[in-house]
Amino acid sequence: MKDQYHRTINYLRISITDRCNLRCIYCMPESGVSFMPHSEILTYEQMIRLVKLCVGQGIRKVRVTGGEPLVRKGVVSFLKNLCDIQGLEEVTLTTNGVLLRELAQDLGQCGISRINVSMDTLKPERFKRITRRDLFTQVWEGIEAAVSAGLHPIKINVVAMKGVNDDEVLDFARLTQNKPYHIRFIELMPGAETNSWESQAFLSSKEILDQISTLGPIQRVSSSALDGPSQRYILEGAQGEIGVIGAMSHHFCGTCNRLRLTADGHLRGCLFSDRETDLKTALRQGQDDHQLTELIQKTILEKPKDHGMGPTNRRKCTRTMNGIGG
Ligand code: SAM
Ligand code: SF4
């Protein structure tokens, strides 16, 4: 289905939990996080029902995210059930990798197309500072286990931050020369806390690309209809790819193809707009498929034109990033 700005909406991100086993500095506070009560979180059956209705409205790709999706019990069976939905072409997962080592084999066999693992540094000490947990080795072993389980190419999400990990942009880019990893640099977006470090730490996709081009010629790779907003590149002779997601500096809203379902059953047209449709209440009231479909269509039609932000104009929405799913 198209929205009122003629964008084809074919990609749904589902946050299956707001809980997480890390506390990344840009996403969650160190302590005092209040999580959604379990009773407010949609069951997997409710999520599957909503996904089927969304597929009826043109959704072709689903990404399962969180919080940390692998902490929710039964996630592998849920992914398997998603993969069985007729008309859905891609099911993918974004994870912090902490539980990947033990789940990689099952994930490799459940039918999902790909995984993204978030990893902002190649240095264990720095990993501890960014995520507030000493789990670098566990995550790295998880990535290797995922490769062995056939889940390649692995995409590695790197939130690029000045004064935090900007000195590793080239190290990550060099990784793609010898390994088939796809590194995706994400611009820092407004997160849980309104701290001034965020605007000072902002590193634009242009600055990232300028650094990478010192390594040699880079070529643009064309995107497919289901791709997200990442601009893709390849270093000459490299095995892997580099992507940059200019969430703040580059307006990709004009081609945004996404909807987002929160763990407590609210459907959003935009990461940064608080306008949501409450599908959970509709489900609990026993509304039928036709009524739920009307609510999904309404959300698509009301999808905002853009997030209205830039590097110097940053604002936050009421929900935190772990609550929406990034
Ligand atoms: N826990 C999983 C993970 O970290 O991959 C999935 C959820 S997380 C919210 C999804 C993505 O959002 C991750 O790649 C994370 O790095 C990114 N993210 C979270 N907060 C962000 C922020 N303030 N700016 C940019 N990216 C952010
Ligand atoms: Fe957890 Fe992902 Fe947020 Fe980090 S970015 S705190 S891993 S939800």
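The values are calculated or read from the model by the stated rules, or taken from the named source; none is laboratory data. Please read all numbers here as calculations on a predicted model, not as lab measurements. Methodologically, a virtual Cβ is constructed for each residue, glycine included, from the backbone with ideal geometry; neighbour enumeration extends over all protein chains shown. Calculation scope for accessible area: heavy atoms of the full protein, side chains included, ligands and nucleic acids excluded. Shrake-Rupley method; radii C 1.70, N 1.55, O 1.52, S 1.80 Å.
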Problem set entry | Some residue of the stretch 243-262 being of a type in the set (Phe, Trp, Tyr) and open to solvent by 20 Å² or more (accessible area, probe 1.4 Å) | yes
For this session: Taking Arg7 as the residue in question, decide whether it is within 15 Å of ligand 1 (Cβ to nearest atom), in contact (Cβ under 8 Å) with a residue 12 or more places away in the chain, open to solvent by less than 30 Å² (accessible area, probe 1.4 Å) and basic (Lys, Arg).
Result: no
Exercise. Can you spot a residue in the stretch 216-228 that is open to solvent by less than 10 Å² (accessible area, probe 1.4 Å) and under 21 Å from the mean Cα position of the chain (by Cα)?
Worked result: no
Exercise. Tally time: how many residues in the stretch 79-133 are among the charged types (D, E, K, R), within 16 Å of ligand 2 (Cβ to nearest atom) and either at pLDDT below 95 or within 29 Å of Ala225 (Cα to Cα) (or both)?
Worked result: 1
Exercise. Is it true that Gly74 is farther than 17 Å from Cys110 by Cβ, of a type in the set (Gly, Ala, Ser) and in contact with a helix residue (DSSP H, G or I) (Cβ under 9 Å, 6 or more places away or on another chain)?
Worked result: no
Exercise. For the stretch 189-214, how many residues meet the condition of being at pLDDT 85 or above and either at positive phi or open to solvent by less than 50 Å² (accessible area, probe 1.4 Å) (or both)?
Worked result: 9
